[in-house]
Amino acid sequence: MRTQVAIIGGGPSGLLLSQLLHKKGIDSVVLERRSRDYVLGRIRAGILETGFVGLMREAGVGERMDNESYVHDGTLISYGDEEFEINFKEHTGTSVIVYGQTEVTRDLYDACQQDEGRVLTEVSAVMPHDLKTDAPYVTFMKDGKVVRLDCDYVAGCDGFHGVSRQQIPEDVRREYEKTYPFGWLGILSETPPVHEELIYANSERGFALCSMRNENLSRYYVQCPLTDKPEDWSDERFWEELKQRIPAKHAANLITGPSIEKSIAPLRSFVCEPMRWGRLFLCGDAAHIVPPTGAKGLNTAASDIHYLYHGLVQFYEQKDTEGLDSYSEKALARIWKAERFSWWMTTLLHRFPDQTEFDLKIQRAELEFLRSNEAAQKVMAENYVGLPY
Ligand code: APR
Ligand code: PHB
């Protein structure tokens, strides 16, 4: 087999890159180890920056997103019973949209799978080879047979636990990591959202987040100890805890119901440098992870794809490698700003086990400064809607 760009990983990063390249007549093959249904079964976040929206439209997969998503001009921040709004539109002239990652991935699969053979699912033993030569290739198993895929370039879009990042030699690869001493217990419920905007809540019992997917599908999170398991939390316990962490007036309006999904995710900040090794380019979770507080996971994957897509088009259309040669530096510059913002929001809104009284006073002062200072709110709004590519 031969293609121009071999893409390891059929999550949002790999599929978006493949579809964008396809629109430019550049061939790719996506190698995904799971089934389509398994990938679509993952419950992930749902806040899209305008940059991501633009890429979906450029890829020709924006129609359902434009018809079914919700525009959010701001978000609420609460601490105890107090709350204030960060108005994105007022501070930046733009907004974010709410559209679940599952739906993004579904739209991308529907488009990519219109071309027979462009997405190969349920493959195994994927391994890139000869990345430091001008003739790289990828081997994998499909239906019990070893297959060789020759290519010009390899996009490592295989997430945090994938094979691509490991191809960068340990003495070259620099990894930066921060883990957080708590997790997020998330539930999905077929109930109307408690509020028209998201509510990020800092309470003495810990962080909570009220989000949504549509007018009858809500997504809620509470900060929990890393030792907790989903089975430790009955629906009743979850709802009672959530009510104690959000302002009373919202708790009074909360419509509860059975959870249709319940899971606990740890929080981590992680960056791998560089994001290129010869003909291999790392994208998305393969190269970096953010705590979900700033809703940047999918959106940092999008900016990687933006840079790599334009670099590949520049190469194939003009035989100019400038965009590819500057990919890692450009992608990392934006990633580190998103890492900073995600760390800042996580530090602002969560209760840390080792927090001292002084730490709590500083956190309260930070919240009070954000509530009362226009410039502080503008900075948060600019980061939340997405810094320029
Ligand atoms: N071979 C083939 N496929 C692989 C391999 C492998 N060795 N390892 C992982 N994969 C697949 C996974 O099954 C997954 O479908 O790569 C895909 C990676 O997808 P994601 O982990 O979703 O990463 P990415 O596409 O970069 O999307 C980032 O997803 O996890 C969220 O919060 C994250 O919103 C962010 C987004
Ligand atoms: C979600 O809707 O799942 C969501 C929203 C905002 C976040 C994280 C998750 O910061």
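The values are calculated or read from the model by the stated rules, or taken from the named source; none is laboratory data. Predicted model, so just to flag it, every value in this text is computed and none were measured. Positions of Cβ are generated from backbone atoms using ideal geometry, with glycine treated the same way; all protein chains shown enter the neighbour counts. Heads up: the accessible areas ignore ligands, DNA and RNA and are worked out on the full protein's heavy atoms, side chains in. Shrake-Rupley method; radii C 1.70, N 1.55, O 1.52, S 1.80 Å.
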Worksheet item: When the dipole is taken about the Cα centre of segment 150-309, and only Lys, Arg (+1) and Asp, Glu (-1) are charged at their Cβ, what size is it in debye, to the nearest 20?
Response: 340
Worksheet item: Over segment 95-140, one equal point on each Cα, no solvent: what is log10 I(q)/I(0) by the Debye formula at q = 0.33 Å⁻¹?
Response: -1.07
Discussion item. What are the ³J(HN,Hα) couplings of segment 361-373, residue after residue, when phi is run through the Karplus curve with 6.51, -1.76, 1.60 and θ = phi - 60°? Round to Hz, x for glycine and proline.
Written reply: 5, 5, 4, 5, 5, 5, 5, 5, 5, 5, 5, 9, 10
Item to complete: Just add up the charged neighbours of A381: K/R +1, D/E -1, any other residue whose Cβ is under 9 Å from the Cβ of A381.
Response: 0
Fill in: Semi-axes of the equivalent ellipsoid for segment 15-91, Cα gyration tensor, largest first, Å
33, 18, 10
Response to the item:
Around Y176 (Cβ within 9 Å, Cβ-to-Cβ, excluding Y176; K/R +1, D/E -1) the net charge comes to -2
Worksheet item: For segment 210-268, what is the largest minus smallest coordinate of the Cα atoms on each principal axis, given in angstrom and ordered from greatest to least?
Response: 31, 23, 23
Item to complete: Can you tell me what the convex hull of the Cα atoms of segment 122-203 projects to on average, as an area in nm²?
Response: 10.9
Worksheet, complete the sentence: Cα-based Debye curve of segment 180-292 sampled at q = 0.10, 0.22, 0.23 Å⁻¹ gives log₁₀ I(q)/I(0) of -0.36, -1.18, -1.27
Fill in: Dipole in debye (nearest 20) - the chain, about Cα centre, beta carbon charges: Lys, Arg +1; Asp, Glu -1
640
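How long are the three semi-axes of the equivalent ellipsoid for the chain, computed from the Cα gyration tensor as the root of 5 times each eigenvalue, in whole Å, largest first?
Listed largest to smallest, the semi-axes of the chain are 37, 22, 20 Å.
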Practice prompt. Based on a Kirkwood Rh over C-alpha pairs, give the Stokes-Einstein translational diffusion coefficient of segment 333-383 at 20 °C and viscosity 1.002 mPa s in µm²/s.
Written response: 179
Item to complete: Could you give the size of the charge dipole of segment 269-366 about its Cα centre, using +1 on the Cβ of each K and R and -1 on the Cβ of each D and E, expressed in debye and rounded to the nearest 20?
Response: 180
Practice prompt. Can you find, among V123, C157, G93, the residue farthest towards the positive end of the dipole of segment 78-186? Put +1 on the C-beta of Lys and Arg, -1 on that of Asp and Glu.
Written response: V123
Item to complete: Quick one: which residues, 5+ away or cross-chain, put their amide H under 5 Å from the amide H of D320? H built at 1.01 Å from N.
Response: F315
Worksheet item: Over what distance in Å are the Cα centres of segment 317-341 and segment 1-54 separated?
Response: 19
Worksheet item: If you find the alpha carbon centre of segment 357-389 and of segment 155-201, how far apart are they in angstrom?
Response: 22
Response to the item:
Computed ³J(HN,Hα) along segment 112-120: with the Karplus parameters 6.51/-1.76/1.60, θ = phi - 60°, integer Hz and x for glycine or proline, the list is 5, 7, 6, 9, 3, x, 7, 10, 9
Worksheet item: Just how many % of Cα pairs in segment 1-40 lie over 13 Å apart, if you round to the nearest whole percent?
Response: 49
Item to complete: Keeping the other protein chains in place, figure out the carbon and sulfur percent of the accessible area of the chain, with a 1.4 Å probe.
Response: 49
Worksheet entry | ³J(HN,Hα) computed for each position of segment 17-31 - Karplus, 6.51 cos²θ - 1.76 cosθ + 1.60, integer Hz, glycine/proline x | 4, 4, 6, 5, 5, 4, 5, 9, x, 9, 6, 8, 10, 9, 10
Fill in: For the chain: relative contact order, % (alpha-carbon pairs under 8 angstrom, 6 or more apart)
20
Fill in: Top positive-direction residue, dipole computed over segment 1-87 with Cβ charges, set V30, G60, M1
M1
Practice prompt. Work out the charge dipole of the chain with +1 on the Cβ of Lys and Arg and -1 on the Cβ of Asp and Glu about the Cα centre, then indicate which of L226, Y137, L308 is farthest towards its positive end.
Written response: Y137
Discussion item. Suppose only helical runs count, i.e. DSSP H with n ≥ 4. What mean residue ellipticity at 222 nm does that imply for the chain under -39500 (n - 2.57) per run, divided by all residues and rounded to the nearest 500 deg cm²/dmol?
Written reply: -11000 deg cm²/dmol
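Give me the net charge for the shell around V71: Cβ to Cβ below 12 angstrom, other residues only, Lys and Arg +1, Asp and Glu -1.
With Lys, Arg at +1 and Asp, Glu at -1, the net is -4.
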Discussion item. Please give the Cα centre distance for segment 112-151 versus segment 58-85, rounded to the nearest Å.
Written reply: 37
Worksheet item: Of the peptides 12-23, 40-51, how do they stack up when ordered by the mean number of other Cβ atoms within 10 Å, highest first?
Response: 12-23, 40-51
Worksheet entry | Surface per residue (accessible, 1.4 Å probe) for segment 109-257, Å² | 47
Fill in: Cα convex hull volume per residue for segment 282-356 (Å³)
78
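Using a 1.4 angstrom probe on the protein heavy atoms only, could you order R174, R118 from most to least accessible area?
Numbers: R174 110, R118 15 Å².
So the residues, ranked largest to smallest area, are R174, R118.
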Worksheet item: Considering every pair of different Cα atoms, what Kirkwood radius, in Å, is found for segment 1-134?
Response: 16.7
